Amino acid sequence: MLGLSLDQLRADMNRLLALLFHQGVLDEQFLQLQQLQDESSPNFVSEVVNIYFHESEKLLRNLRALLVDKEFSDYKKMGIHLNQFMGSSSSIGAQRVRNVCIAFRAACEQNNRAGCLRALELLEYEYCYLKNKLHELFQIEQQRILAGAVRYPVPQQHPNNPQV
Amino acid sequence: MGEKRQGCHMVAVRVNEASETKRKHSFLLNYCSNRGVLGISILLMLFVSKNIYDHMDDEQQKRRKEVLVGMCDQRARMLQDQFSVSVNHVHALAILVSTFHYYKNPSAIDQETFAEYTARTAFERPLLSGVAYAQRILNSERAEFERQHGWTIRTMEKEPSPVRDEYAPVIFSQETVSYIESLDMMSGEEDRENILRARATGKAVLTSPFRLLNSHHLGVVLTFPVYNSNLPSNPTVKERIEATTGYLGGAFDVESLVENLLGQLSGNQGIAVNVYDVTNTSDPLIMYGHQSQESDTSLEHVSKLDFGDPFRKHEMICGYLQEAPTSWIALTTSFFVFVIGILVAYMIYSAAIHIVKVEDDFDKMQILKVQAEAADVAKSQFLATVSHEIRTPMNGILGMLQLLLDTELSSTQKDFAQTAQACGEALITLINEVLDRAKIEARKLELEAVPFDLRSILDDVLSLFSEKSRQKGVELAVFVSDKVPEVVVGDPGRFRQVITNLVGNSVKFTEQGHIFVQVHLAAQAKPIMDVKTESHMNGESDCKVQSCVRQFDTLSGKQAADDRSSWETYKHLDDESCDASGTAMNGNASQSVALMVCVEDTGIGIPEQAQHRVFTPFMQADSSTSRNYGGTGIGLNISQCLVDLMGGKMDFVTRPQIGSTFFFTVEFRSCEKSAVINLKKSIPDDLPAIFKGLKALVVDGKPVRAAVTKYHLKRLGIQARTVSSIGKAVAVFGKYASQISRDEKLPDVLLVEKDSWISCEEDGHMQLSSWRKNGHSYKLPKMILLATNITVGECEKAKASGFADTVIMKPLRVSMVAACLQQVLGIGRKNQHGKDVPNRFAGNRGLLSGKKMLVVDDNIVNRRVAAGALKKFGAEVHCAASGHEALKLLQIPHDFSACFMDIQMPEMDGFQATALIREMERKANAQINGGCTTEGTIRKGEWHIPIMAMTADVIHATLEKCLKIGMDGYVSKPFQEKSLYQAVAKFFEPKATTNSEQVS
């Protein structure tokens, strides 16, 4: 029964990944990222993604604060933030977030406030979606590791242990 | 893309400009093609032809007038002449009368004589109807005169004359006018006037025209005075009157007279002649003429007539009877001129319109052409883009399918997933092909120039198809001439693509027989090719006749389409290569190497009607082919394009149901020796050198196949001999056995082709086994069976008969042969294991092991990912969040081996940071060279940390800027493991190899 659940979990995970790929939420880069994960750094992906979430939330907060200030929206600063956001998104392969960032940056360069606001909303939405889905993914993976651990005992890894 | 579009735009602009200038040039044309201009020119022609008509008509009129003048003058002159002749005669008559009537006494003339004389001389006076003589009788003499003649003087009205001063009764008259005898001429108004004038002047005078008596014709009367003899020589008027004795008169019947005259001149066209007496200019009196007659009054000529009477003036007026006839010549001429003019104008007009239309069409075509070209480019770009875009999700699909297959699936599910994966892979292949084609069309395909081992590529390709060919039982073999250099410089990927394509096709279409890939030097192959072509042409017919019975000299013994590749050719090549090898090798060093590659199969061939479109994209031989065998038909086209790009040509020879041979030439550059050695080191599956000096005996009835086997053995450094059957092989061994004392080395390996083994099963088998049993005294050769496919039964049998050692499955590949031989000969591979076996990935792992890397990026996520990737290669990674931090870490001395630098960073960007690092290094280096040698010896050289740029934009300019600022390389973000590896490998590979060598 445990074995079955393990397979079940793996299938779930694959299905979820396929869905995300299909929707364009993720791209190949995420696979690259997964390939970087091996015995020496078993939690590499989740670790990177958590950093990404952390950073992104900061950036989103900053962006919103900048846009809320009606008089002096500092578009240049916003551009820098967006570049950051874009770079990290493309690193983890968050394709849709990155695309929204590109649109956002374009609006930003044109000092198009309305466009920026729209893009920000979209960005927040996409980000939330990505976050939920990735969380889901990691949850399944966690379960899978747990399930796997029952069958083949492996040393339990602490999630916040970057170097071995 | 943007550039391209701009290019198109430029083209369009240029075309527009060109057409502008053309417009200017064709202004005249435009002018000509105007309808209004046509109308104007027609009017002009009308005017011109009218002028011509007028001119011609004038000419004619003038001519007519001249004719009229001539005729009129002629008539006038004749009339005048005749008239004067008559006058002269009358004058003579007057003198006659005065002489014979008055000087003679008695008178010699009486009425009878006069009548007689005048009648007989009438012909002299054709114009005169008659002459008469009237005597001057004064009133005092009247009675005497009347008595003397016996009649009274009468007036014109035939009544007795009233009393007057003077009378002039006619006494003599011509018979024609005898009715006027005794009439007083003075009684008629005209005659009296005439008489008075005549005697005053002494000359002939004329009356104005009047109706003559009797005839009632218009006429004039001529009167001459007759003087008596005593007239002084220069008389006054009074003396003349005194001397007058009588008057001689004659009547001119002008009408009949002129009629006669004109009658004489008849035959000329009818002209109307009028004669007038114009003494009184205000009232001309008509003397002759038909007033009533219709005549052309528009044209008249007046000729003066002088009848000898100075008092009277006469003139003749001539005119044409008929109107001037319309001048048909002028009319037709002008009409034709008009018509021709109009036609010419119309021709010019229509030609101009045509030219304008053609030019417009041309412009339109130009524009369309530009559009079409743009569309073509756009199409190619679209294809390239779309193919690329499709590839990305396809990778996802395939990846996911792979993941799916990794999960535990039921067999049905697995089947489905595998099918999906196969389809996906086929799709990817197709897309890649389309992409290639689009790239070629857009001229974006660039060939690499890297050194590579041709033979190993051919082996790789063969291994791709080995499974399939084995299933089909088709023999697949490759042979590379010794003359072909081991390493050439070119594009291995594309070369492999072409070969793969051709072999793939051959495998697809061949059900039995063989597929044989040969590589020769083109220069070497050519002369023999030519010879062979001839013999091939000549010998074709017998070939066909014998094809059923004869075993062909080919790989599998089946006939091939191209006899040129038969074994004979081949021997030729080898012989020649032996002869020429020395010179050729020297001559060709580091020059271009033209290779000739043949792929020969014994498949279904290409039907004749399809041969011409073999290289057309998306065209298969016929639709049934694609139904039976699948495929898109783009492969050959791409292959041809690639071969073209590689500076060669592709062609084929085919015979339906016998097979086809595709051959192509390629130009590679040959490689320098040192480079060859380097390359050899880096090629992981370099051939082991342990077989050097071994000897082998190949047993094969087919020389071509044997040659292929020999070729592979030779590559391993094994000397091989060929015998055609096992019997002979045994004999060879026997010979060796006898000579064993001489220390001659026996063959170590005996390779037997399955066919040879089966064919000699009966006797050879026995021989073999018996020989094996007997030959205990010396070391037995290892026996290996070569087979394309082998059944389990056969395998058992083979084992039983002594081939216990191994069976090598064809197609032969060097690595496989080597592996088998190793196994058979038991030559330890263990010592090499460490060097040869480690797979690429493990190699990668070690690449950076122990190296310390610095990753500089402001983005923590990127930093982590980069670090993760580098760690995978075994590196120890440190991170820096900004340029400043990096500078701090890179203070000399440091122990970092390389640095990855993000370009876009706040505060201090990658370029600045790099510049500062380089500056620092330069200072440090200067110091080292300056004196501080201890450190220098430690570091062995200069400080120069490799700095790799990391950037998201892959524009070429950025790369150039990176290099300019002092960076050493370039990795595009997001990281791809492969690209990262490539970038790093450039710096660490040599070290890595030395390291690994040291380790091993």
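The values are calculated or read from the model by the stated rules, or taken from the named source; none is laboratory data. Keep in mind the model is a prediction, meaning the values are calculated, not measured. As a convention, Cβ positions derive from the backbone with ideal geometry for all residues, glycine included, and neighbour counts pool all protein chains shown.
Does B:GLN293 fit the bill of being at pLDDT below 75, over 60 Å from the mean Cα position of the chain (by Cα) and farther than 23 Å from B:SER129 by Cβ?
Yes, satisfied.
Given the residues B:ILE457, B:ILE440, which is the only one that is in a helix (DSSP H, G or I) and free of Cβ contacts under 8 Å to residues at least 60 places away in the same chain?
It is B:ILE457.
Would it be correct to say that B:LEU435 is within 28 Å of B:LEU595 (Cβ to Cβ), more than 14 Å from chain A (Cβ to nearest Cβ) and surrounded by 18 or more Cβ atoms within 10 Å (Cβ to Cβ)?
The answer is yes for B:LEU435.
Can B:GLY341 be described as in contact with a strand residue (DSSP E or B) (Cβ under 9 Å, 6 or more places away or on another chain) and in a helix (DSSP H, G or I)?
Answer is no for this residue.
Looking at this structure, is B:ARG496 surrounded by fewer than 19 Cβ atoms within 10 Å (Cβ to Cβ) and touching a strand residue (DSSP E or B) at 6+ places or on another chain (Cβ under 7 Å)?
For B:ARG496, the condition - surrounded by fewer than 19 Cβ atoms within 10 Å (Cβ to Cβ) and touching a strand residue (DSSP E or B) at 6+ places or on another chain (Cβ under 7 Å) - is not met.
Considering segment A:76-96 alone, what residues qualify as being in contact (Cβ under 8 Å) with a residue 40 or more places away in the chain and part of a helix (DSSP H, G or I)?
Once the filter is applied, which keeps residues that are in contact (Cβ under 8 Å) with a residue 40 or more places away in the chain and part of a helix (DSSP H, G or I), segment A:76-96 yields A:SER90, A:SER91, A:ILE92, A:GLN95, A:ARG96.
Enumerate the pairs (first residue in segment B:137-161 and touching a residue at least 60 places away in the same chain (Cβ under 8 Å); second residue anywhere and surrounded by fewer than 17 Cβ atoms within 10 Å (Cβ to Cβ) and polar (S, T, N, Q)) with beta-carbon separation below 8 Å, excluding pairs fewer than 6 apart on the same chain, so at least 6 apart or on different chains.
Cβ pairs passing all conditions: none.
Which one is farthest from the other protein chains (Cβ to nearest Cβ), of the residues in segment A:7-40 that are under 16 Å from A:ILE92 (Cα atoms) and outside any helix (DSSP H, G or I)?
A:VAL25
Which one of the conditions (1) in contact with a Lys or Arg (Cβ under 9 Å, 6 or more places away or on another chain); (2) closer than 30 Å to B:SER282 by Cβ; (3) touching a residue at least 60 places away in the same chain (Cβ under 8 Å); (4) not aliphatic (A, V, I, L, M) does B:GLY319 fail to meet, given that it meets all the rest?
So B:GLY319 meets the others, but not (1).
Quick check: is even one residue across segment A:45-56 without any contact (Cβ under 8 Å) to a residue 12 or more places away in the chain, over 14 Å from the mean Cα position of the chain (by Cα) and loosely packed, with under 15 Cβ neighbours inside 10 Å?
no
For B:LEU213, all conditions in the list (1) part of a strand (DSSP E or B); (2) out of contact with any Lys or Arg (no Cβ under 8 Å at 6 or more places or on another chain); (3) modelled with pLDDT under 80 hold save one; what is the number of the exception?
Answer for B:LEU213: the failing condition is (1).
Could you please tell me which pairs satisfy a Cβ distance under 8 Å, a separation of 6+ or placement on different chains, a first residue in segment B:659-673 that is part of a strand (DSSP E or B), and a second residue that is basic (Lys, Arg) and modelled with pLDDT of 85 or more?
B:PHE664/B:LYS649; B:THR665/B:LYS649
Determine whether B:THR113 is touching a strand residue (DSSP E or B) at 6+ places or on another chain (Cβ under 9 Å), in a loop (DSSP other than H, G, I, E, B) and closer than 18 Å to B:GLY246 by Cα.
no
Could you tell me which residue of segment A:52-102 is nearest to the other protein chains (Cβ to nearest Cβ), considering only residues that are of a type in the set (Val, Ile, Thr) and closer than 23 Å to A:LEU20 by Cα?
That would be A:ILE92.
List the number of the failed condition for B:ALA422; all other conditions in (1) surrounded by fewer than 17 Cβ atoms within 10 Å (Cβ to Cβ); (2) more than 10 Å from chain A (Cβ to nearest Cβ); (3) more than 50 Å from the chain's Cα centre (by Cα) hold.
All conditions pass for B:ALA422, except number (3).
Identify all residues within segment B:902-920 that are within 14 Å of another protein chain (Cβ to nearest Cβ), within 16 Å of B:LEU854 (Cα to Cα) and buried (at least 19 other Cβ atoms within 10 Å of the Cβ); write none if there are none. Break it down stepwise before answering.
Kept after step one, since they are within 14 Å of another protein chain (Cβ to nearest Cβ), are these residues of segment B:902-920: B:902-910.
Remaining after also requiring within 16 Å of B:LEU854 (Cα to Cα): B:902-903, B:905, B:909-910.
Result: B:ASP902, B:ILE903, B:MET905, B:GLY910.
Among B:GLU942, B:GLU935, B:GLU977, B:GLU989, which is within 30 Å of A:SER91 (Cα to Cα) and either more than 14 Å from chain A (Cβ to nearest Cβ) or at pLDDT 75 or above (or both)?
It is B:GLU989.
Any chance you could count how many residues in segment B:254-283 are closer than 15 Å to B:LEU127 by Cα and surrounded by fewer than 22 Cβ atoms within 10 Å (Cβ to Cβ)?
Number of matching residues: 8.
Is at least one residue of segment B:387-394 within 10 Å of chain A (Cβ to nearest Cβ), on the phi < 0 side of the Ramachandran plot and aliphatic (A, V, I, L, M)?
no
Which residue is modelled with the lowest pLDDT, if the candidates are limited to segment A:41-51 and must be at the interface with another protein chain (Cβ under 7 Å from one of its Cβ atoms) and either closer than 16 Å to A:VAL97 by Cβ or in a loop (DSSP other than H, G, I, E, B) (or both)?
Taking the candidates together, the pick is A:SER41.
Here are some conditions: (1) at pLDDT 90 or above; (2) closer than 30 Å to B:GLY202 by Cα; (3) not small (Gly, Ala, Ser). B:ILE340 meets all but one. Which one does it not meet?
Going through (1) at pLDDT 90 or above; (2) closer than 30 Å to B:GLY202 by Cα; (3) not small (Gly, Ala, Ser) one by one, B:ILE340 breaks only (2).
Provide a single number: the residues in segment B:405-415 that are in a helix (DSSP H, G or I), within 14 Å of chain A (Cβ to nearest Cβ) and not charged (D, E, K, R).
The total comes to 2.
Results for (1) part of a strand (DSSP E or B); (2) at pLDDT below 80; (3) surrounded by fewer than 20 Cβ atoms within 10 Å (Cβ to Cβ), shown as yes or no for each residue.
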| position | (1), (2), (3) |
| --- | --- |
| B:ALA119 | no, no, yes |
| B:PRO126 | no, yes, yes |
| B:VAL131 | yes, no, no |
| B:ALA134 | yes, no, no |
| B:SER140 | no, no, yes |
| B:LYS158 | no, yes, yes |
| B:PRO162 | no, no, yes |
| B:TYR179 | no, no, yes |
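In this structure, is B:LEU430 assigned to a loop (DSSP other than H, G, I, E, B) and surrounded by 13 or more Cβ atoms within 10 Å (Cβ to Cβ)?
No; evaluated as a whole, the condition is false for this residue.
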